[in-house]
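A short write-up of the structure that comes next.
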Amino acid sequence: MIRIVIAEDQRMLLGALGALLDLEDGMEVVGQARNGQEAVELVHKEKPDVCIMDIEMPVQDGLDAAESLKHEPCKIIILTTFARPGYFERARKAGVSGYLLKDSPSEELASAIKKIMDGQRIFSPELVDLAFTQPNPLTERERQVARLIAEGKNTKQISKELFITTGTVRNYVSVILDKLEVTNRIEAISRLQDEGWL
């Protein structure tokens with residue numbers, strides 16, 4: 001019996017997915033979570049074989065949850081509407097076993113789970129092309145600055161949080177804008193979110 005935990009913040013979809021997978025021979029849904037943090041707790045508690053995870057969820061997103069479960073024996077499958085290169089890159093770095101899009105037929109999900117349990121990795125064909133698109137151009141430090149900008153922090157607050165001078169923050173912002181080929185912070189965050197690079 002393949003034991004499954006599902007993490008999805010849309011209740012209707014969560015219920016439907018759970019019901020569909022419970023109908024499959026040899027599969028049992030042992031837990032349902034509405035955010036990444038609940039998913040991590042359920043994986044530790046239930047010790048499932050597979051955790052199917054959405055990306056954009058409250059409290060903790062699916063990619064952060066996947067990263068924190070990297071060394072667990074549970075196999076992680078990302079199931080999302082977002083075919084973004086940055087998300088796919090992060091998912092691969094987190095060692096997920098599968099990355100599928102929500103518009104795939106439900107039979108494909110059940111089949112993917114079985115293949116993943118046999119040791120394969122399954123990625124939606126649409127994502128393979130993304131693997132060869134431009135990677136995130138920002139360094140880790142630039143990403144930290146960008147995340148704080150996205151949280152609405154100003155130059156002074158960022159300098160305090162990262163223990164750097166306001167001049168250094170301004171330099172980072174300037175480099176970020178150049179690398180992303182945008183003219184202001186709002187456009188930068190918008191581009192980072194569109195690419196899934198934040």
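The values are calculated or read from the model by the stated rules, or taken from the named source; none is laboratory data. From a predicted model like this one, the values you see are computed outputs, not experimental measurements. Here the Cβ positions follow ideal geometry from the backbone for every residue, glycine too, while neighbour counts run over all protein chains shown. Each accessible area value is taken on the protein alone, full model and side chains, heavy atoms only, with ligands, DNA and RNA left out. Shrake-Rupley method; radii C 1.70, N 1.55, O 1.52, S 1.80 Å.
Okay, here's what the table says:
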{"item": "Nearest 10 degrees, 0 to 90: helix 36-46 Cα axis against the chain principal axis", "result": "40 degrees"}
{"item": "Residue-by-residue Karplus 3J(HN,Hα) for region 80-95, coefficients 6.51, -1.76, 1.60, Hz, glycine and proline x", "result": "8, 8, 9, 9, 10, x, x, 5, 5, 4, 5, 4, 5, 5, 6, x"}
{"item": "Total lysine pairs whose alpha carbons fall under 12 Å of each other in the chain (8 or more apart, or interchain)", "result": "4"}
{"item": "Amide H partners (placed H, <5 Å) of Glu56, local residues excluded", "result": "Gly62"}
{"item": "Cα centre as origin, Lys/Arg/Asp/Glu Cβ charges: the chain dipole, Debye", "result": "900 debye"}
{"item": "Nonlocal amide H pairs with Tyr99, under 5 Å, H built at 1.01 Å", "result": "Ile78, Ile122, Phe123, Ser124"}
{"item": "Residue-normalised accessible area of the chain, expressed per residue, 1.4 Å probe, Å²", "result": "53 Å²"}
{"item": "Formal net charge of residues neighbouring Thr168 (Cβ-Cβ distance under 14 Å; K, R +1; D, E -1)", "result": "+2"}
{"item": "From phi via Karplus (6.51, -1.76, 1.60), per-residue ³J(HN,Hα) for region 13-26 in Hz, x at Gly/Pro", "result": "5, 4, x, 5, 4, x, 5, 4, 6, 5, 6, 6, 4, x"}
{"item": "Surface share of carbon and sulfur [accessible, 1.4 angstrom probe, percent] for region 87-198", "result": "51 percent"}
{"item": "Normalised contact order of the chain, rounded percent, pairs of Cα under 8 Å and 6 or more residues apart", "result": "15 percent"}
{"item": "Relative intensity, log₁₀ I(q)/I(0), of region 36-142 from a Debye sum that treats every alpha carbon as a point, q = 0.12, 0.17, 0.22 Å⁻¹", "result": "-0.39, -0.78, -1.26"}
{"item": "Distant-in-sequence amide H partners of Asn35 (H built 1.01 Å from N, under 5 Å)", "result": "Glu8"}
{"item": "Lys47 accessible area, 1.4 Å probe, all protein chains in place, Å² to nearest 10", "result": "130 Å²"}
{"item": "Cα-based helix-to-principal-axis angle, 185-195 vs the chain, degrees rounded to 10", "result": "30 degrees"}
